[in-house]
Amino acid sequence: MPFDGSAEDPERASSIEKLLEAPLPWIGLYVAAASLACAAAMAADTLHGLWRKKHWFPSRYFSINATSLTLLAVSMKLPVDLSTRMYSVTDRLAKISSLIFMSTAMANILTSLGSMTDQDVLMNVTALGILVITVVVNVAIQVIQMHAYLGNRLGFHEELLGTLSMLFLLLMFVSTAVMIPSMKRYLETKYHEMHRSALIEDEIDLRKVITVDKLRVLVKKYWVMAETSNPQFVIARSVTCTTSGMLSLMICLVLAEVEIRMAMGFGLLQHSFSSYGWSTKFVLIAQTAGVIVGTIAPASRWLVAVKYSSLNQGRRSFGNAVSVEDYWTQKMVEWRQSSLSFQIRHFKSRKLIHDLRALFLKSCISVQRLVILASKLVLLISICFTSPVISCVDYFTRLRRQNRVAHSASSRDPEVSEKVDPELDLSHYVMLLEGEVELPAETLENICKEIDQVIHKGKLKRPNNLLKLLSKSCSFKGVGEFDSSQVPPLHSQDLPYCWSLPVVTLACIALALPNVEKSKLDCLLRSVTEGLRLVKLVDKTMDKKGGLANIRTAADVVWVKVELYHKWQDEDLRNVSVKGKNAAEILQELFYKAEKTVLEFQRNARDCLMKNPLNWPANVIASNAMYRMSRTVLLNHGGCENEETDDALFDKLSFMIADILAACLTNLAHVITVKCHHSAIEVREKSVRKAAMLLGETEEILALLQQRQVPILAPRKATDIEEWRAFVKQEKIDKQSSVTRPN
C-alpha cells in the first residue's frame, strides 16, 4: 500500500525523511566546492593585479557571466533553504558567511561590466538582480516566520547586515550599468580625437617606411590611451566602485567579528545539528577564505581612490567634488526624451503611457543622483579620516623610491631597460571622464613601464633565422619573378596571390631539390616558418574584406604538412629528391602532378560556385600555384643537371623567397599601427599589447628594411602582392628600355 503521509505510520515517515536528508551533507560539500571555485578565481584576479602592478585589479578570471552566476547560486544554497533547521553555531555562521561571501563576490565582479556590450550588461545585471532578490526574499521569509524567536537567533544582526549589503551592492551595480553606455560613447569620441592627434604629432605616413623610434612612441601613446580608457579601469575609478570596496571591507570585518565572538562564546566548528552535518564546516571554511581573499581587490580600489582624491583635493572645490556629472544620468535622460518603441494608435493612451514612463524615469534619475551623491560623500568622509595617514605613507614611499632609483641607476641593465625620452610627455594622452581627478605620476609611470616590458619581452622572441634569410635580399625583384606570364593558365580566370602562398610554394620546391646540404634545407625550413607567422599576420590584417581567405587557407594547409611531415599534397619531399634525379626532373614531376590535380578537379566539378577559382578547395588552389611556379622555375633555370647547379638553384630560390618576405614585411609598421587603433573599446588594450609585442619581435627587421629603398606605393597598393608584382615588372621594363634606347 502506498504511503499517504498520515500519522498512523510515524516510523515509516521518519525513515523516509532520513532517506531524503541523507544526501544533504554531499550537497553541502558541493556548495563548499562552488565557493572554493569562486574564491580561487578571485584570488587569481588579485594575484594578476599585484603581478601587473594594476592596483585597480581588473576582473580577468572572475567576471559576471553564466558560469560565475551559476557558481554563486550554488554557493547560496544555505541562505535560501527554508525547510532545514540550522540553529547551531556552525550552521548560523555558515549562513552568515554565505551572505557576506555573496556581497564580496559582487564587489569583485563590478568592474567586469566594462568589458561587456550593452546587451550583455543588461542580461547579466538582470540575472544577478534575480539571484540577489531571491536570496533576500528567502532570508526575509525566515525572519518573518521566526520573528518570535529573534532574541535567541545567533548572529541575527550580522545576518541582517549581510543581507542589506547585498541590496546596496545591487544598487551600485544598477547605477554603474546605467552609466556604462554614456561613458563608452564619451571615451570613444575622446579617443578618436586623440588618435588623429597622435598620427599628426608623430607625422605618421603609411605610404612610407616608419622608423622604429616613431613606432615605439606611437605604441606608447596608444597604450596610455587604451589603458586609461579601459572600461574596467574607468569603472574601478568610479565612486560606485570605491563605495563598493569600502562596503566590502566593512562586511569582511563584520564576518571576522561574529566569528571571533562566536568562537570565544561557544566554540567554533564544534557542533552542527542540521541535516547538512559535517559539510557546513567545509562551507564555512571555504566561504570565509573567499571573503578574506576577495576583500583585497575591492578594498585596494577604495584605498587607491581615497589616495588619489586626497592628493588632488586641494585643487577642487567642495561643490565640484560632490556634483553629479551628466554621464551618470545621460542614458536615462535620453530614454525619457525619446519616443515610445512601440506604436499605440489611441492618442490618449499613447500620451498616458509616455507620461507614466517619463515620471518613472524621472524618479530613477533622482535615485541615481542620490546614489552618486551619497557615494561621493562617502569618499569625502573616507578622505577626511585617512588623509593624514595617506600623506605620511606617500611621503615615505617617495623617499624610498628616490633612494631605490639612485641606488639602481648605476647597475641598471641596458638590455632590459628602455631608453627614456625626457621630452616625451604622455600625460595629455590620459583618458579621463568629466570630473575625474588626474591620475598620479606613479600610475602613469607604471603604465609606461608595463608597455616597455611587453616590448622587451617581444625582443626576446625575435626571429633570428628569418633575419638571416632577409639579409640575403638586396632588392625586391623576386616579387616579379616567381610567376611568369609565359606559363599557360589552367583556367580562364587567373587566381590572385596572397603573400604567403608564393613563399610556401617556392619553399616546397627548394626543399625538394637534390644534392643540397641538409643543414641548408633545415635552415630554410626554420626561416620560412618564422617568416610565415608574420606574413600571415600581414595577410589577415590587410585583407579586411576576406576576399583572399581561401588563398590564405591553402597556404596554411600546405605549410602544416611541409613543416610537420615534409610532405606536399601527400608527396614526401625527401623521397622526391632521391639520388639519380636532377632538379629539372623534380620540377617536371612537381608541375605534372599539380597540373593533373587541377585538371581532374575541373573535369569533375559540377557546382556552379567552382567556376570561380577563388572558391576552389585548398589543395586545388595550392596545386595551381605549384603548377605555375614550378614551371616558371623550370623555364628560367631548366637544364640543371649537376650538384653545383642544384645548389645554385636552391640559393636563387632562397633569394626569391627573401625578396617576397622583405616586400611583405614592409607592411609591418602599417600592421602595428592598425593593431594599435582598434575600434572596439572592450578589446583595445589587448590589441595594443599585441602590437607592442610585435614591435619588440620585429624591431631588427624594421631597422633592416629602413636601410632599403622601398617603392612608394599608395597604402592600399603597398599591401597587395599583385600591385608589387606589377610595379616590379614595370620597373624592369623601364630599365630595359632605358638600356636599349639610343643616345
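Only one of the listed residues (Lys567, Lys561, Lys540, Lys545) is surrounded by 15 or more Cβ atoms within 10 Å (Cβ to Cβ), over 22 Å from Ser623 (Cβ atoms) and either in contact with a Phe, Trp or Tyr (Cβ under 7 Å, 6 or more places away or on another chain) or without any contact (Cβ under 8 Å) to a residue 24 or more places away in the chain (or both). That residue is Lys540. With Thr645, Thr553, Thr597, Thr632 as the choices, which residue is farther than 30 Å from Thr719 by Cα, at pLDDT 90 or above and polar (S, T, N, Q)? None of the other options fit; the residue is Thr597. A single entry from Glu595, Glu589, Glu530 fulfils the requirement of being touching a Pro at 6+ places or on another chain (Cβ under 6 Å) and either more than 26 Å from Cys664 (Cβ to Cβ) or of a type in the set (Asp, Glu) (or both): Glu530.
This table checks each residue for (1) closer than 17 Å to Ser103 by Cα; (2) modelled with pLDDT under 90; (3) among the aliphatic types (A, V, I, L, M); (4) buried (at least 16 other Cβ atoms within 10 Å of the Cβ).
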{"site": "Glu257", "(1), (2), (3), (4)": "yes, no, no, no"}
{"site": "Met264", "(1), (2), (3), (4)": "no, yes, yes, no"}
{"site": "Ser279", "(1), (2), (3), (4)": "no, yes, no, yes"}
{"site": "Trp302", "(1), (2), (3), (4)": "yes, no, no, yes"}
{"site": "Ser310", "(1), (2), (3), (4)": "no, yes, no, yes"}
{"site": "Phe318", "(1), (2), (3), (4)": "no, yes, no, no"}
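In segment 222-250, the residues that are outside any helix (DSSP H, G or I) reach residues that are modelled with pLDDT under 95 and of a type in the set (Asp, Glu) with C-beta atoms within less than 9 angstrom, at least six apart or across chains, in these pairs: Ser229/Glu188; Ser229/Glu685; Asn230/Glu682; Asn230/Glu685; Ser238/Glu436. For segment 99-114, indicate whether the set of residues that are among the polar types (S, T, N, Q), modelled with pLDDT of 95 or more and more than 28 Å from Val224 (Cβ to Cβ) is non-empty. Yes, segment 99-114 has at least one match. Scanning segment 676-688 for residues that are under 13 Å from the mean Cα position of the chain (by Cα) and crowded, with 20+ Cβ neighbours inside 10 Å turns up Ile681, Arg684, Glu685, Val688. Count of segment 434-443 residues, restricted to those that are part of a loop (DSSP other than H, G, I, E, B), surrounded by fewer than 18 Cβ atoms within 10 Å (Cβ to Cβ) and not charged (D, E, K, R), is 3. Would you confirm whether or not segment 81-89 contains a residue that is β-branched (Val, Ile, Thr) and at pLDDT 90 or above? No - not one qualifying residue is present in segment 81-89. Selection within segment 116-146: residues that are free of Cβ contacts under 8 Å to residues at least 40 places away in the same chain, under 38 Å from the mean Cα position of the chain (by Cα) and within 30 Å of Phe156 (Cβ to Cβ). The member of this set that is surrounded by the most Cβ atoms within 10 Å (Cβ to Cβ) is Val132. Taking residues in segment 158-175 that are in contact (Cβ under 8 Å) with a residue 12 or more places away in the chain and more than 10 Å from Ile251 (Cβ to Cβ), and partners anywhere that are part of a helix (DSSP H, G or I) and of a type in the set (D, E, K, R), the pairs with Cβ atoms closer than 9 Å and at least 6 places apart or on different chains are Glu159/Arg92; Glu159/Lys95. The set of residues in segment 576-601 that are under 23 Å from Tyr497 (Cβ atoms) and surrounded by fewer than 14 Cβ atoms within 10 Å (Cβ to Cβ) comprises Tyr592, Lys596, Glu600.
One residue stands out in segment 593-610 among those that are out of contact with any Ser or Thr (no Cβ under 9 Å at 6 or more places or on another chain) and assigned to a helix (DSSP H, G or I): the one that is farthest from Asn515 (Cα to Cα), namely Cys608. In the set (1) at pLDDT below 90; (2) assigned to a helix (DSSP H, G or I); (3) surrounded by 18 or more Cβ atoms within 10 Å (Cβ to Cβ), Cys640 fails one condition alone, (2).
Within segment 85-104, is there a residue that is crowded, with 24+ Cβ neighbours inside 10 Å, part of a loop (DSSP other than H, G, I, E, B) and either touching a strand residue (DSSP E or B) at 6+ places or on another chain (Cβ under 6 Å) or not β-branched (Val, Ile, Thr) (or both)? No - not one qualifying residue is present in segment 85-104. Specify which of the listed residues (Ala648, Ala662, Ala658, Ala692) is farther than 24 Å from Ala555 by Cα, surrounded by 21 or more Cβ atoms within 10 Å (Cβ to Cβ) and among the hydrophobic types (A, V, I, L, M, F, W, C). Sole residue among the options that is farther than 24 Å from Ala555 by Cα, surrounded by 21 or more Cβ atoms within 10 Å (Cβ to Cβ) and among the hydrophobic types (A, V, I, L, M, F, W, C): Ala692. Among residues belonging to segment 602-628 that are within 17 Å of Asp570 (Cα to Cα) and among the hydrophobic types (A, V, I, L, M, F, W, C), point out the one that is surrounded by the most Cβ atoms within 10 Å (Cβ to Cβ). That would be Ala622.
Summed over segment 542-556, residues that are assigned to a loop (DSSP other than H, G, I, E, B) and either within 26 Å of the chain's Cα centre (by Cα) or within 10 Å of Trp499 (Cβ to Cβ) (or both) total 5. In the set (1) modelled with pLDDT of 90 or more; (2) within 27 Å of Pro58 (Cβ to Cβ); (3) more than 36 Å from the chain's Cα centre (by Cα), the condition left unmet by Val389 is number (1).
The values are calculated or read from the model by the stated rules, or taken from the named source; none is laboratory data. Here the structure is a predicted model, which is why all the values come from computation and not from measurement. Counting neighbours? That spans all protein chains shown, and the Cβs are built from the backbone with ideal geometry, glycine included.
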